[in-house]
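The values are calculated or read from the model by the stated rules, or taken from the named source; none is laboratory data. Just so you know, these numbers come straight off a predicted model, no measurement behind them. Here the Cβ positions follow ideal geometry from the backbone for every residue, glycine too, while neighbour counts run over all protein chains shown.
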Amino acid sequence: MKVLIVGSGGREHAIATSVAKSPRVDKIYCAPGNAGIGQLAECVDIAAMEFDKLAQFAKDNQIDLTIVGMDDPLVGGIVDVFEEKGLRVFGPRKNAAILEGSKAFSKDLMKKYNIPTAAYENFDDSQKALEYLETAQFPIVLKADGLALGKGVLICNTLEEAKEGVKSIMLDKQFGSAGNTMVIEEFMTGREVSVLSYVDGKTIKTMTSAQDHKRAKDGDQGLNTGGMGTFSPSPFYTKEVDEFCKKYIYQATVDAMAAEGREFKGIIFFGLMLTGKGPKVLEYNARFGDPEAQVVLPRMKNDIIDVVEACIDGKLDEIDLQFEDNAAVCVVLASDGYPVKYEKGLEIRGLDNFNGKDGYYWKMSYPVQTIRCCLGKNVLWIKTI
Ligand code: AMP
Ligand code: GLY
C-alpha cells in the first residue's frame with residue numbers, strides 16, 4: 001500500500017521509520033518532510049496546511065492511507081477535508097481535535113466529567129482576569145487557550161508577573177488569536193509523564209510511558225522549549241499510577257468526548273503530573289508527541305499500519321498492543337540560540353559516525369536543525385559531533 005505522512009519534524013521521521021518497517025507498505029510519501037525523512041520516503045513539496053492540495057495529491061497518487069503528525073492541520077480540520085473526498089486518513093476530526101485546540105474546552109470537559117486536573121477559571125475578558133488575580137494564590141499558571149507552539153503557558157510567581165502575563169497574552173496578543181481566551185490555573189508540583197494512546201472512538205489502548213525534557217541548557221538553566229529530549233519508559237509511571245489513570249482518566253476522556261458528540265479517533269497524548277494528591281491531567285494533545293514519538297514508536301512491537309487501521313475502523317479492541325521490554329532515549333541537538341533567536345536550515349555533517357550498531361539517528365530541518373538519536377536494546381548510545 002501507499003502511505004502519505006503529513007508533517008516535517010523528528011516525530012514524522014519516527015512515524016515514517018515505523019511505517020517503513022511494515023511489510024504491508026510499498027511506498028511512503030511525506031509532505032513536506034525533511035532531509036532525514038527523504039532517506040525513507042519521497043518528500044512532496046506541499047505545506048501541511050494546504051488541505052485541498054494534499055487531498056488532490058492523495059487522489060492523484062492513489063494513496064491508501066494518510067497519517068497526520070502535526071497539531072495545526074488536525075485542529076484546522078484536515079481529516080474532515082480528506083474524509084469528504086472519500087480518502088482514508090488517521091487523526092481526529094476538527095470537532096474532536098479541539099481537545100488540543102482549546103485549553104478552555106478541555107478544562108471544561110474535565111470538570112464536567114470529573115477527570116482529575118488542576119483547579120481553574122476561563123476568561124475572555126482581560127479586566128475580569130486581572131480582578132481574579134487580586135485574590136489568587138501564587139505561583140499561578142496562565143495558559144493561552146489556543147495553539148501556541150507549546151509556548152503559551154506562563155508560570156507566574158507574583159501578582160505583578162501575572163498581571164504582565166495577562167497583558168501579553170490577552171492584550172498584546174503575544175500568541176496571536178490563541179490568547180483571545182485564557183485559562184488561569186492552580187500551580188501543581190510533581191513529576192511529569194507523557195502517555196500516548198491509540199483511540200478508535202470508543203476503545204483506548206495506551207502506549208508505554210515517556211518523559212519529556214523541556215528546558216534548554218545543562219542543569220535546567222535555559223528556557224522552556226518544544227522538547228530537548230525524551231526517554232521511555234518513565235520510572236515514575238508505576239503500576240499503581242497506571243491503574244489510577246485507567247480508572248479515572250483514559251477511558252473517562254474517550255467516553256466524555258463521545259458523550260459530547262465529538263467521537264475521537266486518533267492519538268490522545270495525556271500530559272500528566274504525578275502530584276501528592278494523585279495523577280492529574282496537565283494537558284491533552286491530539287497527536288503523537290514530539291520528541292515522545294521518537295522514543296515510544298521504536299519500542300512498539302506491532303505493525304503501526306494494523307493499529308492505525310484498527311483505530312479508523314473502530315476495531316482497536318482486536319489489537320494486542322505490545323512494547324519491547326527495553327529503554328530508549330532521544331537527545332535533541334539544536335541550533336545555537338534556540339528557542340529564542342537561531343539560524344535555521346544549517347547542514348549537519350558527520351552523521352555517518354552516528355550509525356552505531358544499536359542505535360540510529362534522525363535528521364530534521366524544522367524548526368531547527370537537530371539530530372535526534374534513539375537507542376536500541378538497553379544500551380545507551382549517544383555520541384555528539
Ligand atoms: P502544557 O502546554 O499545558 O503542557 O504546559 C507546558 C508546561 O507548563 C507543562 O509541561 C508543565 O511543566 C507546566 N505546567 C502547565 N500547567 C501547569 C500547572 N497547572 N502547574 C504546574 N506546571 C504546569
Ligand atoms: N513534547 C510535547 C509535545 O509534543 O507537545
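Candidates are the residues of the range 118-161 that are of a type in the set (Gly, Ala, Ser) and either within 16 Å of ligand 2 (Cβ to nearest atom) or under 26 Å from the mean Cα position of the chain (by Cα) (or both); the one that is surrounded by the most Cβ atoms within 10 Å (Cβ to Cβ) is 144.
The residues of the range 171-202 that are more than 14 Å from ligand 1 (Cβ to nearest atom), assigned to a loop (DSSP other than H, G, I, E, B) and free of Cβ contacts under 8 Å to residues at least 60 places away in the same chain, listed by number, are 172, 173, 174, 180. Of the residues making up the range 77-95, those that are outside any helix (DSSP H, G or I), over 21 Å from the mean Cα position of the chain (by Cα) and not charged (D, E, K, R) number 2. Under 6 Å by Cβ, and 6 or more places apart or on different chains, what pairs join a residue from the range 269-284 that is over 15 Å from residue 211 (Cβ atoms) with one that is within 14 Å of ligand 2 (Cβ to nearest atom) and outside any strand (DSSP E or B)? The qualifying pairs are 284/99; 284/100; 284/106.
Out of 67, 46, I need the residue that is at pLDDT 95 or above, within 22 Å of residue 99 (Cβ to Cβ) and not in a helix (DSSP H, G or I). Which one? Talk me through it step by step, then tell me what you get.
Details: 46 fails: within 22 Å of residue 99 (Cβ to Cβ).
Being at pLDDT 95 or above, within 22 Å of residue 99 (Cβ to Cβ) and not in a helix (DSSP H, G or I) holds for just one of 67, 46, which is 67.
Taking every residue in the range 293-321 that is over 28 Å from residue 228 (Cα atoms) and pairing it with any residue that is among the acidic types (Asp, Glu) and at pLDDT 95 or above, at least 6 positions away or on another chain, the pairs with Cβ-Cβ distances below 7 Å are 310/200; 310/318; 311/200; 314/200; 315/200; 316/200; 319/306. When residue 11 is tested against (1) touching a residue at least 40 places away in the same chain (Cβ under 8 Å); (2) within 17 Å of the chain's Cα centre (by Cα); (3) more than 30 Å from residue 256 (Cα to Cα), exactly one condition is not met: (3).
Does residue 241 meet the test of being within 16 Å of the chain's Cα centre (by Cα) and among the hydrophobic types (A, V, I, L, M, F, W, C)? When the stated conditions are applied, residue 241 does not pass them.
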